[in-house]
Amino acid sequence: MDWGRAKNVLIYAFLLLNLVLGYQIWMDARETAGANLDFTSLADNTQQAMEEKGIQVLAPIPNETPKLPKLSYEFIEEDKAGVDMELEQPVDSKLIFSQSELEDALEREIPQIGTYRLDQLMAEDGAFVLHPLVDGKWPLFNVSLELFYSDQKITGYRQTPVRITTAEESDQQVLPASKALGTLIENFLPNDAIVKDIQLGYYGQLFNSDIQVAMPAWRFVLESGEVLYVQGISGDVFSPKTDKPGE
């Protein structure tokens with residue numbers, strides 16, 4: 001018997017078994033998460049539309065409705081797309097970073113990184129994505145800090161520095177996430193859509209102007225990769241694909 005070949009076959013068989021078991025655990029976790037979600041905050045007609053259209057919501061529905069102001073921000077540098085910068089010392093990369101790990105590894109070369117939040121769902125092939133925080137809590141989705149990696153090393157970054165100014169007028173109550181989700185389910189989401197993340201932050205249409213305006217907005221990320229925003233005051237729906245309401 002060729003023991004070397006037999007050993008290789010066993011190794012591959014165990015690897016395949018681990019992949020199958022891992023996939024099954026992942027599927028079971030998804031089903032359990034869906035079963036444990038509370039949809040009582042959704043209106044009856046929304047729940048009915050959800051069932052008729054086969055829509056799944058795998059993310060908890062936040063119940064926070066803070067009072068938030070609109071804000072304006074301006075790009076500090078002329079190049080609004082940002083400039084690619086190389087790290088003096090590349091940092092070992094891995095598939096999933098925690099916020100604190102990124103800050104510890106990069107705060108020397110990117111001192112402002114502590115004012116950004118990692119957005120795992122917006123990661124691209126070869127880049128991690130972070131957003132600046134308003135009042136240390138609410139991400140400004142329009143602006144990104146991208147960390148480039150290759151060969152298991154973070155090698156550089158692209159940052160678009162902005163100056164954020166909070167409006168002086170009174171804060172306004174943000175509409176509930178359940179209401180924003182209901183608008184999407186009843187009027188915008190296609191059949192069999194899967195909502196995998198719901199998050200409150202700031203978002204606004206981009207204009208050819210030095211000063212940009214952003215409003216509180218609920219961001220919904222679908223399993224398909226599509227992202228939709230529901231403006232937190234007016235309830236208007238925006239898609240980054242068109243940057244126009246209701247499309």
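Ile55 is checked against (1) touching a Leu at 6+ places or on another chain (Cβ under 6 Å); (2) exposed (fewer than 15 other Cβ atoms within 10 Å of the Cβ); (3) at pLDDT 95 or above and fails just one. What number does that condition carry?
Unmet for Ile55, out of (1) touching a Leu at 6+ places or on another chain (Cβ under 6 Å); (2) exposed (fewer than 15 other Cβ atoms within 10 Å of the Cβ); (3) at pLDDT 95 or above: (2).
Residues in the stretch 144-165: is at least one under 18 Å from the mean Cα position of the chain (by Cα), within 30 Å of Val57 (Cα to Cα) and not in a strand (DSSP E or B)?
yes
Which of the residues spanning the stretch 148-165 are more than 15 Å from Thr115 (Cα to Cα) and surrounded by 14 or more Cβ atoms within 10 Å (Cβ to Cβ)?
If the condition is that a residue be more than 15 Å from Thr115 (Cα to Cα) and surrounded by 14 or more Cβ atoms within 10 Å (Cβ to Cβ), then Phe148, Tyr149, Lys153, Ile154, Thr155, Gly156, Tyr157, Arg158 are the ones that fit.
Can you tell which of Lys196, Lys179 is over 17 Å from Leu71 (Cα atoms), assigned to a strand (DSSP E or B) and at pLDDT 90 or above? Steps first, please.
Values: Lys179 fails: assigned to a strand (DSSP E or B).
That would be Lys196, the only listed residue that is over 17 Å from Leu71 (Cα atoms), assigned to a strand (DSSP E or B) and at pLDDT 90 or above.
Take the conditions out of contact with any His (no Cβ under 8 Å at 6 or more places or on another chain) and modelled with pLDDT of 90 or more and apply them to Gln112. Does it pass? Give the derivation first.
Working: out of contact with any His (no Cβ under 8 Å at 6 or more places or on another chain): yes; modelled with pLDDT of 90 or more: yes.
Taking the combined requirement at face value, the residue satisfies it.
Kindly provide the set of residues from the stretch 222-238 that are of a type in the set (Phe, Trp, Tyr) and under 17 Å from Leu68 (Cα atoms), ordered by number.
At the first step, the residues of the stretch 222-238 found to be of a type in the set (Phe, Trp, Tyr) are 229, 238.
If the condition is that a residue be of a type in the set (Phe, Trp, Tyr) and under 17 Å from Leu68 (Cα atoms), then Tyr229 is the only one that fits.
Quick check on the stretch 95-111: of everything there that is out of contact with any helix residue (DSSP H, G or I) (no Cβ under 7 Å at 6 or more places or on another chain) and open to solvent by less than 90 Å² (accessible area, probe 1.4 Å), which residue is nearest to Val143 (Cα to Cα)?
Ile110
Just the residues that are outside any strand (DSSP E or B) and farther than 19 Å from Phe238 by Cβ, please, taken from the stretch 118-142. Let's see the steps before the verdict.
Just the residues of the stretch 118-142 that are outside any strand (DSSP E or B), to begin with: 119-123, 125-126, 135-137, 141-142.
Correct list: Gln120, Ala123, Asp125, Gly126, Asp135, Gly136, Lys137.
Do you know which residues across the stretch 199-213 are part of a loop (DSSP other than H, G, I, E, B) and within 17 Å of the chain's Cα centre (by Cα)?
Just the residues of the stretch 199-213 that are part of a loop (DSSP other than H, G, I, E, B), to begin with: 204-210.
Within the stretch 199-213, just Gly204 meets the criteria.
The values are calculated or read from the model by the stated rules, or taken from the named source; none is laboratory data. None of these values were measured; they are calculated from a predicted model. Positions of Cβ are backbone-derived with ideal geometry, glycine not excepted, and every protein chain shown enters the neighbour counts. Quick note on the areas: whole protein, heavy atoms, side chains included, nothing else; ligands and nucleic acids left out. Shrake-Rupley method; radii C 1.70, N 1.55, O 1.52, S 1.80 Å.
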